[in-house]
Amino acid sequence: MKLLHITITLIFAFTVSSVQAVALAQKPTDDSVCDLSTMTTYRLSQRTFVEARTRDENVIYARLALRFITSHCKNGQLLLLHSEDGIAFDDQYFRVVTAQLCSVSNVTREAASTQEYPQAFVMRCPISKLKEATAALAEMEKTKPTEAMIEEGAPMHSAQPNRREEEKKTCGDKITWETVVLGWGGSCR
């Protein structure tokens, strides 16, 4: 009987220890949560830089969140996503993430306002579909990797091509009066 009790205790200990405390902000927490708060978007951007106004930015951030969650969290943990500004962007991609990982009926959105951030909110739900979310993310990455989306969607920094480089293509290295007098190329003659 005592051996059975020890065996059950060991099995329970190994089962419980397989779930780890997870916090994106690397703050103290317990193993009951998969904590991506506070400032979820900011913290994700510290791990993978996504330039502002990148095309499909909401899809990219959803993938970044899913990447973190599927590699660090477990079913049964309470997922916490936090928007300090309360912007529609956060709400939109948080809903995509929670729909992938949780039963929609269990998702809650609560105000988390402070003096500095009166529109802040937290979305929370118990993770129940981790296996499905992991498979969906793998399929998305196979179709088009997140890094490729970031690179291809980044905004252009210069709408005008470099005039000197363009002239080299059409004129060669001919010296023009604009090159000599003004220091920049002019039309070929």
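Bear in mind these aren't lab numbers, they're just calculated from the coordinates by the rules spelled out. Only a predicted model underlies this, so the values are computations on that prediction, with no experimental measurement involved. Neighbour counts are summed over all protein chains in view; Cβ atoms, including those assigned to glycine, are modelled from backbone coordinates with ideal geometry.
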Taking amide H positions as placed in the peptide plane 1.01 Å from N, state which residues far from LEU79 in sequence (5 or more) or on other chains have amide H under 5 Å from it. CYS34, CYS125, ILE127
With x for Gly and Pro, the residue-by-residue ³J(HN,Hα) of the range 116-129, computed from phi through the Karplus equation 6.51 cos²θ - 1.76 cosθ + 1.60 at θ = phi - 60° and given in whole Hz, is 6, 10, x, 9, 4, 8, 10, 9, 9, 6, x, 5, 9, 10
Taking a ≥ b ≥ c as the square roots of the Cα gyration tensor eigenvalues, with a/c under 1.5 meaning rounded and otherwise prolate when a/b beats b/c, else oblate, which class fits the range 49-117? oblate
Residue by residue through the range 71-80, which ³J(HN,Hα) values in whole Hz follow from phi under the Karplus form 6.51 cos²θ - 1.76 cosθ + 1.60 (θ = phi - 60°), with glycine and proline marked x? 9, 10, 10, 9, 4, x, 6, 8, 7, 10
Once amide hydrogens are built 1.01 Å from N within the peptide plane, the residues lying 5 or more places from ALA112 or on another chain with amide H under 5 Å from its amide H are ALA120, PHE121, VAL122
Neighbourhood charge, 12 Å Cβ-Cβ cut-off, centred on GLU141 and excluding it, Lys, Arg +1 and Asp, Glu -1: +2
